[in-house]
Every structure is written in structure tokens, then in C-alpha cells.
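These notes concern the structure reproduced below.
The values are calculated or read from the model by the stated rules, or taken from the named source; none is laboratory data. These numbers come from a predicted model, not from an experiment. We place every Cβ from the backbone using ideal geometry, glycine too, and count neighbours over all the protein chains shown.
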Amino acid sequence: MTGAVFRETAADPRTQAVPLSHLSLEIGHLYLEDFEAGPAQLRRHFAQVRPWAEAARATAAAGPDGRRPRISTCFLVDDYFTRFSSPAELVPMLLAEADRAGLVIDYLARESSCAVTGGTPVAEAVAGRIVESPPPGSYGPRPPAAETGWLANGERSPVARAPQAMQRAAAWQPPAETAARRHSVFLDAELWSEDPGGRRLWSCPFLAAVWQLARLGLLRAAGEPVLVPRAHTGGPFPDDWDDLPALIRLNPRADPFAAYRTCSVLPSRFLPVEHAVRVILDQTEVDRAALDQVADRSARERTPVPASVADRISYVFYAGP
């Protein structure tokens, strides 16, 4: 006789849901070179962003039931690859230039929080969920991404080996995209590098993939949401980036940070980075409970969401540096 197996409810990790907007609209991503160019560069950026942001809002508003869509805006500042200026100096300037262009930044995030948040190794956890899609006919001759730190969207060119005596060298073969449409657009993305001490430095595309998962409300750590917004108290901003919350809500009336879909308005230099983001997301096993929560909520709101996580993100790339 087989005995029944009982498990306490508390033993099962519970995945906490997060509030969701219809659209998360990213209106900027600031690096050192942008800041060094001064307020004029931010002014030009926001002037380019505004018409596309308005178009994204109009598209989101064209829903079947005519209800006001929930749309939140966000801005990402690089404090991971380079530490520059300070929140006390940069954030007021950023908000002033956005306001000058008629834009509101609801949420401000630090890029370092896509690597580690509150002691949680977020990037490392996402890297552990990568499931590589083997190209047709391949038998795993290449080391996995977990070892190499590289992830491709297909099959790389075979490694050329010196021919043995009396044998001809093998002919060169091109790489091949797994889901090619007639012709391949092959991409091999570096996920991280390591310094001489073995410390891992996450790549810009990989952190951007983590950022997209956060904006889609799909990041969890032991069932708890990652990158939870903290409200700005209204006082002065700190002098050190480490003293600024990982994700801060600047607009008290903002719709939720996470959303069913995301749209990012960025300079065209980000296009190759975001191509790599899609390759990474297509091969990441996202938390199933979080996916189910979004699917259930979107169905109740009659807001269709693509099954593919990568298809939930969209972009506008404007010409410029």
C-alpha cells in the first residue's frame, strides 16, 4: 500500500504578484558621455523622445474597451560601468530637462541594481535560467554559455583545425541562425567577462535583459519581487549612488512600474545591444509562476500578451549619437 505524501503549505514557495501597467515606457538611458555633454545633450535627447513617447501613448490608448491605459515612464542611469557625478547633482538636472520637454519621469533606476539588488545577485540568478536552444543537427560540441559567457542565436562556424598528414583542410563553413528566414542574421553575445581576480563583470546587453524582465514584472527571488519601487520622500537626493534606492518612484501619482509590455525610446547606437537582449530573452527560462500571474491578469483585463517574452518588448530608435 502506498502512503499519501503530505506537504505543509508553508513549505511551498509562494510567488508574490506585482501591480501591472499596460505599458512601461523607457524614455532614456544615461551614460557618462551623455552627462559630460551637459544639459544641452539631455535637452536634445528629450526633444527627440517626446514625439515618439506621445505616439507610444496613443497606440496604447487605442484599446478595444476605450479605458484609460495605465502607462508609466522610467529612466535608467549607468552607475555600474562608471560612477559619475552624484544623484544630488544629476537627478535634478535630469528632471528639469525632462520637464522642459513636457515629459515626466515616473521611475528612476540604477543600472547596478540589475546586477545586485539588496544583496540579491539578480544577474547571476537570471544567468542560471539560461537554456540554450541547440541548432538543428548539433550535438553540443561547444561549451555551454554557463562556462564561456557567450550566447548565440544559432550555430557558430566550426573551429578550423590543422589538417593531419595526407588530409585536406576542412572547408570553411558559415555560422547559421537557428530561426533564419532564408538568410541568417547570426549574433554571438558576450554575457560577462572576468577580471584577473575572477570577478565577473556583466555585459551591457545582459543587464539590459535583466532590466526588461524587471519592467515586465517577471523577476523573482525566492518568490519575492525584485526591484520594488521606493517612493521619493521629497527631500534632497543623496551625494552617493549607493545611498539612492535601486528603483525610486519620483511621481507619487505614477501608474505601476512593471507592465504587460515595454517600449524603449533610445538613440540608434543601442540597436545592437537590444538585438542581443532579444537573443538572451529567447533563451531564458522565466519564472513560471510569474508568467502565469501575468497571463491570468491580462486575460481578466482582456489585454492580449504574446507568449514569447521577447515579443512583449518594443523599441523606437532615433537617429543620433
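Here are the numbers for the structure shown:
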quantity: Single unsatisfied condition, residue 222 versus (1) within 19 Å of residue 27 (Cα to Cα); (2) out of contact with any strand residue (DSSP E or B) (no Cβ under 6 Å at 6 or more places or on another chain); calculated: (1)
quantity: Single match in 216, 207, 187, 201 (criterion: aliphatic (A, V, I, L, M), at pLDDT 95 or above and over 14 Å from the mean Cα position of the chain (by Cα)); calculated: 201
quantity: Identity of the residue in the stretch 236-284, polar (S, T, N, Q) and either at positive phi or in contact with a strand residue (DSSP E or B) (Cβ under 7 Å, 6 or more places away or on another chain) (or both), that ends up surrounded by the fewest Cβ atoms within 10 Å (Cβ to Cβ); calculated: 268
quantity: Any hit, the stretch 237-249, residues being in a loop (DSSP other than H, G, I, E, B) and aromatic (Phe, Trp, Tyr); calculated: yes
quantity: Single condition residue 233 does not satisfy, out of (1) loosely packed, with under 13 Cβ neighbours inside 10 Å; (2) among the β-branched types (Val, Ile, Thr); (3) not in a loop (DSSP other than H, G, I, E, B); calculated: (3)
quantity: Residue 261 vs. criteria at pLDDT 95 or above, within 19 Å of residue 114 (Cα to Cα) and assigned to a helix (DSSP H, G or I); calculated: no
quantity: Residue that is modelled with the highest pLDDT [pool: residues in the stretch 134-156 that are among the polar types (S, T, N, Q) and surrounded by fewer than 16 Cβ atoms within 10 Å (Cβ to Cβ)]; calculated: 148
quantity: Those residues of the stretch 38-59 which are without any contact (Cβ under 8 Å) to a residue 60 or more places away in the chain, more than 12 Å from residue 265 (Cβ to Cβ) and either of a type in the set (D, E, K, R) or surrounded by 14 or more Cβ atoms within 10 Å (Cβ to Cβ) (or both), in sequence order; calculated: 41, 42, 43
quantity: Test: residue in the stretch 182-198 that is touching a helix residue (DSSP H, G or I) at 6+ places or on another chain (Cβ under 7 Å), under 19 Å from residue 82 (Cβ atoms) and surrounded by 11 or more Cβ atoms within 10 Å (Cβ to Cβ); calculated: yes
quantity: Condition broken by residue 269, with the remaining ones in (1) at pLDDT 95 or above; (2) part of a helix (DSSP H, G or I) satisfied; calculated: (1)
quantity: Selection within the stretch 281-321 - without any contact (Cβ under 8 Å) to a residue 12 or more places away in the chain and outside any loop (DSSP other than H, G, I, E, B); calculated: 288, 292, 295, 296, 299, 300, 311
